[in-house]
Amino acid sequence: MSVRGHVARGDACGNKLAVEALKTSRLRRTVIRLVVTLLPVLVATVGLVRLLRAVPRTHAPLPMRSVSPLPEHRDPTAPAEDRTPEVRGRVLDADGNLVRGAAVRLLSSRPPYAVLGGIQSDAAGRFSFAKIRSPRVRVTAQADPGGAVTSAILHANAGQTTEVTLVLSSASAVRGVVVDAADHAVAGATLSIEGVPWSIPSATSGEDGTFRLAIVPDIASFLVAVARGYKTARLALLDRDDPSERVVRLRLEAASPVSGEVHDPDDKPVRARIIACEGQASEARTTSGEDGVFQLPSSTIGCDAIALHDDYAASDPVTLAEGGHALLRLRVGGSIDGTVVDQGGAAVVAFTLGIESFSAAHGRNFRSVAGRAFDDPRGAFHWDKLAPGSYVLVATTKGKPPARSDPVEVLGGAATTGVRIVLAQGGTVVGRIYDERHAPLSDVDLRFDAISSVVASGAVAKSGGAGDYRLEGAPRGPFTLFAHKSGYRARMVSGLRIDSSGTLTEDITLDTMDGGAGLEFGGIGAGLVQTGDGISVNPIFPGDPADRIGLRQGDRIVRIDGEDTDGMSLADALQRIRGEPGTSLGVSVQRAQTGEVVDLLITRGLIVH
């Protein structure tokens, strides 16, 4: 591009003006080109700024490159932070060494002491409490090992810093012996201190009654001794003149028995079982009267006690206190809803229902409950007021063997629904009855023995003229067939099993009774009883297999042939222990005296009584 102009000759000023005009024209054109070139960039930049402003602040920020922060600018004329009133210092041991990690506490100046702050000393043994709001305080330090120390009263004045050095002393200790009124050593007493607003380890007296508390702060007010069966004893520790280890003798007085009462969920007095100190050496059990009142020995003081009842949930535990009157309130029990049907699923209208076995949710409490009659077109039943635990129900109706439910878990204050019990057709046992000369016996009564702990099968039969019989409604087993005829020794045939709707042939021989024993069966020669703790042996018959193998009266049966007896009914246990003479079974028993569990292998014999 060219620029043309006219310059008058000899006119210097005009020449300068022409040159300036030319420069201005060129600059204008350059600026215009630059604006045109940069205009899209400027527009995009403005749009980006507007977009960033529209982004919500809750969104994550855009990634940025990290940079080192600039040093903070401080005004050299500004005053330092005011930490006053302040108490600071160091913790030293008895040899003057700095103590790291000592527990340092700021306390109120007088009893009852309150903890105003707490820290640990640093690597140089230093500590500091700033901006203290109480004008008079104490500082205490404790380290294990090392000991403890408490300062004198310190004044925390505004604008001042108080310096204190705390020197730990390991000599502040208390030891001694705990005895009863007859100066006999009391073992197991708990020794603790009062007057210190933080936790201090307690001590327990040994078999000789001796104890030692290694670290007892100077501000401790009392030494306290607590032992079951005794009144709480307190020994004053204030105003100790001798800083060395102190030796004391604490004499405990026997406490009075503990009283209390039991109420049902409606707050009415009720008769119930009471357990205190459960599972401990001082465990005690009793039963409240009809007015709900009970009494426990003083040895249960400090233990928890609960009340148990078959119709309710257990009470919450209550700690028994010396001179107190414990109130144990039972909680609402649970219920079971279900149906009884036949093998085809049709409702059984009329039936008898019982609790075959029950294992309490709390502790060991086994029991059975006799059957109740139900009549419902849907085969439905409802059983309420049940203590929490695991139940096995049993149902029966005419012409069918009893049937058990699966274990049913019951919770306090809740209904367990959907329980279904199926009454199967049962098997049939056939055969012939003979005397000892193998002559057929007629009119022999036959039935199933101990088929359930709470309901009877209702199945009975008599042998015919040829000694033949047919007994329907047999359970799957194991079960026992009982045969009896006047003038003959009754006989039980045990260990029988049969499929549902199946047929089993069993011939039986009865011996003439000559005035001696009236019953014979295959077993071990021991009776079984159901107690609150389970199934126990009682009695033992001399000379029979149980006696010869070393089974003892009172032994609790915990396993039969490896199967746990928890929740097992008495009838179930009997059927498993009975059997054909000459066969063996394994039994695990817990000794009543020692609690030891012993495994025994017993060979069944022919028991004649």
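The values are calculated or read from the model by the stated rules, or taken from the named source; none is laboratory data. Please read all numbers here as calculations on a predicted model, not as lab measurements. A quick note on method: Cβ atoms are made from the backbone with ideal geometry, for glycine too, and the neighbour counts reach across all protein chains shown. In case anyone asks, the SASA skips ligands and DNA or RNA and just uses the protein heavy atoms, side chains included. Shrake-Rupley method; radii C 1.70, N 1.55, O 1.52, S 1.80 Å.
Hey, could you check segment 400-429 for residues that are more than 23 Å from ASP342 (Cβ to Cβ) and touching a Lys or Arg at 6+ places or on another chain (Cβ under 8 Å) and say which is least open to solvent (accessible area, probe 1.4 Å)?
GLY412
Listed here are the residues, each with its yes/no results for (1) open to solvent by less than 80 Å² (accessible area, probe 1.4 Å); (2) in contact with a Ser or Thr (Cβ under 8 Å, 6 or more places away or on another chain); (3) of a type outside the set (A, V, I, L, M, F, W, C); (4) not in a loop (DSSP other than H, G, I, E, B).
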position: LEU250; (1), (2), (3), (4): yes, no, no, yes
position: GLY279; (1), (2), (3), (4): yes, no, yes, no
position: ARG285; (1), (2), (3), (4): no, no, yes, yes
position: GLU290; (1), (2), (3), (4): no, no, yes, no
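Out of the residues in segment 172-193 meeting the condition of being touching a Gly at 6+ places or on another chain (Cβ under 7 Å) and in contact (Cβ under 8 Å) with a residue 24 or more places away in the chain, tell me which one is most open to solvent (accessible area, probe 1.4 Å).
Among them, the one singled out is ALA185.
Quick check on this structure: which one of VAL149, VAL196 is open to solvent by less than 40 Å² (accessible area, probe 1.4 Å), in a strand (DSSP E or B) and within 22 Å of VAL99 (Cβ to Cβ)?
Working: VAL196 fails: in a strand (DSSP E or B).
Only one candidate qualifies: VAL149.
May I ask you to list pairs of residues, at least six apart or on different chains, whose Cβ atoms are under 6 Å apart, with the first in segment 452-463 being touching a residue at least 60 places away in the same chain (Cβ under 8 Å) and on the phi < 0 side of the Ramachandran plot and the second being open to solvent by less than 30 Å² (accessible area, probe 1.4 Å) and not in a strand (DSSP E or B)?
Pairs found: SER452/ALA571; SER453/SER569; SER453/ALA571; SER457/ILE451.
Can you spot a residue in segment 205-214 that is open to solvent by 40 Å² or more (accessible area, probe 1.4 Å), modelled with pLDDT under 90 and farther than 30 Å from GLY96 by Cβ?
Looking through segment 205-214, none of the residues is open to solvent by 40 Å² or more (accessible area, probe 1.4 Å), modelled with pLDDT under 90 and farther than 30 Å from GLY96 by Cβ.
Return yes or no: is ILE540 surrounded by 15 or more Cβ atoms within 10 Å (Cβ to Cβ), in contact with a helix residue (DSSP H, G or I) (Cβ under 6 Å, 6 or more places away or on another chain) and touching a residue at least 40 places away in the same chain (Cβ under 8 Å)?
Values: surrounded by 15 or more Cβ atoms within 10 Å (Cβ to Cβ): yes; in contact with a helix residue (DSSP H, G or I) (Cβ under 6 Å, 6 or more places away or on another chain): yes; touching a residue at least 40 places away in the same chain (Cβ under 8 Å): no.
For ILE540, the condition - surrounded by 15 or more Cβ atoms within 10 Å (Cβ to Cβ), in contact with a helix residue (DSSP H, G or I) (Cβ under 6 Å, 6 or more places away or on another chain) and touching a residue at least 40 places away in the same chain (Cβ under 8 Å) - is not met.
Show the residue pairs that are 6+ apart or on different chains and have beta-carbon atoms under 7 Å apart, the first residue being within segment 417-432 and at positive phi, the second being part of a strand (DSSP E or B) and open to solvent by less than 20 Å² (accessible area, probe 1.4 Å).
GLY418/GLY338; GLY426/PRO401; GLY426/GLY473; GLY426/ALA474; GLY431/TYR469; GLY431/ILE508
Conditions (1) under 14 Å from ASP435 (Cβ atoms); (2) buried (at least 20 other Cβ atoms within 10 Å of the Cβ); (3) among the polar types (S, T, N, Q); (4) in contact with an Asp or Glu (Cβ under 7 Å, 6 or more places away or on another chain), marked per residue:
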site	(1), (2), (3), (4)
ASP468	no, no, no, no
PRO475	no, yes, no, no
LEU481	no, yes, no, yes
VAL493	no, yes, no, yes
LEU504	no, no, no, no
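State all residues of segment 262-280 that are closer than 22 Å to GLY413 by Cα and among the charged types (D, E, K, R); if no residue qualifies, say none.
ASP264, ASP266, ASP267, LYS268, ARG271, ARG273
Quickly run through segment 215-235 and pick out the residues that are within 16 Å of ARG249 (Cα to Cα) and buried (at least 21 other Cβ atoms within 10 Å of the Cβ).
Within segment 215-235, LEU223, ALA225, ALA227, TYR230 meet the criteria.
Any residue in segment 444-464 that is modelled with pLDDT of 95 or more, part of a loop (DSSP other than H, G, I, E, B) and open to solvent by 30 Å² or more (accessible area, probe 1.4 Å)?
Looking for residues that are modelled with pLDDT of 95 or more, part of a loop (DSSP other than H, G, I, E, B) and open to solvent by 30 Å² or more (accessible area, probe 1.4 Å), one finds none in segment 444-464, hence no.
Kindly establish whether LEU551 is of a type in the set (A, V, I, L, M, F, W, C) and outside any strand (DSSP E or B). Reasoning before the result, please.
Details: of a type in the set (A, V, I, L, M, F, W, C): yes; outside any strand (DSSP E or B): yes.
So LEU551 passes the test.
For ASP304, work out the one condition from (1) under 24 Å from THR565 (Cβ atoms); (2) surrounded by fewer than 19 Cβ atoms within 10 Å (Cβ to Cβ) it doesn't fulfil.
Of everything listed in (1) under 24 Å from THR565 (Cβ atoms); (2) surrounded by fewer than 19 Cβ atoms within 10 Å (Cβ to Cβ), ASP304 misses just condition (1).
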